[in-house]
1. Considering segment 26-48 alone, what residues qualify as being in a helix (DSSP H, G or I) and of a type in the set (A, V, I, L, M, F, W, C)?
2. Can you tell me which residues in segment 49-65 are free of Cβ contacts under 8 Å to residues at least 24 places away in the same chain, surrounded by fewer than 18 Cβ atoms within 10 Å (Cβ to Cβ) and in a loop (DSSP other than H, G, I, E, B)?
3. Taking the options Gly178, Gly147, name whichever one is touching a Lys or Arg at 6+ places or on another chain (Cβ under 8 Å), modelled with pLDDT of 95 or more and either part of a loop (DSSP other than H, G, I, E, B) or crowded, with 20+ Cβ neighbours inside 10 Å (or both).
4. Name the one entry in Val157, Val212 that is in a strand (DSSP E or B), in contact (Cβ under 8 Å) with a residue 24 or more places away in the chain, closer than 25 Å to Glu80 by Cβ and touching a helix residue (DSSP H, G or I) at 6+ places or on another chain (Cβ under 8 Å).
5. State all residues of segment 160-175 that are crowded, with 16+ Cβ neighbours inside 10 Å and either in a helix (DSSP H, G or I) or among the aromatic types (Phe, Trp, Tyr) (or both); if no residue qualifies, say none.
6. For segment 102-137, how many residues meet the condition of being crowded, with 16+ Cβ neighbours inside 10 Å and free of Cβ contacts under 8 Å to residues at least 40 places away in the same chain?
7. Which residue out of Val75, Val23 is within 24 Å of Val173 (Cα to Cα), modelled with pLDDT of 95 or more and not in a helix (DSSP H, G or I)?
8. Tell me, please, whether a residue that is of a type in the set (A, V, I, L, M, F, W, C), outside any loop (DSSP other than H, G, I, E, B) and without any contact (Cβ under 8 Å) to a residue 24 or more places away in the chain can be found in segment 193-209.
Amino acid sequence: MALIKSKQEIEIMRQGGRILADVLQKVSESVKAGISAADLDKLARELIFSSGGRPSFLHYKPGGSGEGYPAALCVSINDEIVHGIPTKDKILREGDIVKLDCGVEYKKLNTDATVMVGVGKISETAEKIMRVTKECLELGIEKIRPGASLNEYALAVEEHALRNEFEIVRDLVGHGVGHAVHEPPQVFNYADRRMKAIILEEGMTLALEPMVSEGTFEIVLAPDGWTYKTRDGKLNGHWEHTVAVTKDGCEILTKL
């Protein structure tokens, strides 16, 4: 599968990314105490289909086998890191921090993004982890340019998290994206010699997604078989953008 996308493919991903950004903005605006995750998923589906796209995650089967993901939107709350299933009985409460992770397939090309939203008044720690995780993503994006190694991105993310006394989740990573929801390469959010070997080239498209934990970086898989959570039950932050490597740096594709 090609890692390098043509200018025409990136333009399609740019259009799909704008659809995704608009969906996430509108779903974020609907977050409030008392609403169910299922209601947020329903809204995301309606917005994606009405925009001419298709939910990338709906019925997605990692590795092509097993039961497909049952929703268009991942809704992960507090200690849930990723892939939280938006069930009817998952009700948002005052003080929660919510991660809304969504993918859009538009004209056969995919984009992927995550935003965080606080429900009403949240704790100082919750505010800090939301802010720091977003800053990790922004600092990492600044390192994306042709000729750089992915380790430069990873180091920027990790150092900022550690400076703020948080840990980087190690067993979940970012990835290439475009022709499929998940493509090579894996994108670690911590410095590693394997990242040094991956040199960025113009036309690469990546889903960059720091996952930052209040306590341990260790994770557990919930009984639903999808939702990953922090092992110690402490808070986790997750932000994500799809970016394209350009001649002079990179372009965020999943923003309005």
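The values are calculated or read from the model by the stated rules, or taken from the named source; none is laboratory data. Model, not experiment: these values are computed from the prediction. Please note: Cβ atoms are built from the backbone with ideal geometry, for glycine as well, and neighbour counts cover all protein chains shown.
1. Passing the criteria: Val27, Ala37, Ala38, Leu40, Leu43, Ala44, Leu47, Ile48.
2. His59, Lys61, Ser65
3. Gly178
4. Val212
5. If the condition is that a residue be crowded, with 16+ Cβ neighbours inside 10 Å and either in a helix (DSSP H, G or I) or among the aromatic types (Phe, Trp, Tyr) (or both), then His160, Ala161, Phe166 are the ones that fit.
6. 4
7. Val75
8. No: zero hits.
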